[in-house]
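Trainee: Got a structure here, written out as structure tokens. Questions coming.
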Amino acid sequence: MSAADHPQAPVTLARGVRLQWEPAQNAQVLLFPEGMVQLNGPAGEILALCDGRSVDAVVETLEARFAGSDLREDVLSFLDEARRRGWIDLPMASDAAQEGQQHHGTA
């Protein structure tokens, strides 16, 4: 499953992850218990929008900000990678089903 399959899913930074501007590096950084990642401009722009808005809203906001750009595929790809790395929470139908099974004692 990917972000493209869940356009209305809310996207947030994962618990314990914080995005901040780092003047010494002149860049956005992502801080988490295991360390820090310096982000390029586009990554920082995307993660700054991971505040509970939907996947579609993140894409639409960026496309409006950078008028004339078709950013959908790039943004979705980045969100999938950020989810894989544990930087964001992006609930997907398969997650909810698996969680429900764990809570109900089924495997």
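Trainee: Give a quick list of GluC sites (Glu not before Pro) in segment 10-78 that DSSP marks as loop, anything other than H, G, I, E or B, with at most 16 other Cβ atoms within 10 Å.
Mentor: Qualifying residues, ordered by number: GLU34.
Trainee: Using R₀ = 41 Å, calculate the FRET efficiency as 1/(1 + (r/R₀)^6) where r is the Cβ-Cβ separation of ASN40 and MET1; round to 0.05.
Mentor: Efficiency computed from Cβ-Cβ geometry: 0.95.
Trainee: Taking only Cα atoms and a 10 Å spring cutoff, compute GNM fluctuations for the chain and point out the largest among ALA48, ALA14, ALA64.
Mentor: Maximum fluctuation in the GNM of the chain, among the listed residues, is at ALA64.
Trainee: Tell me, in nm to one decimal, what length is gained between ARG85 and GLN8 on full extension, where the rule is 0.36 nm per residue of separation less the Cα-Cα distance?
Mentor: Separation in residues times 0.36 nm, less the Cα-Cα distance, equals 25.6 nm.
Trainee: Taking the simple approach of a point 7 Å from Cα along Cα-to-Cβ for both ASP70 and ASN26, what is their distance in nm?
Mentor: 3.4
Every number in this text was worked out from the coordinates using simple rules, so none of it is lab data. As the structure is a computational prediction, the values presented were derived from the model and not from experiment. Note: ideal-geometry Cβ built from the backbone for every residue, glycine included; neighbour counts use all protein chains shown.
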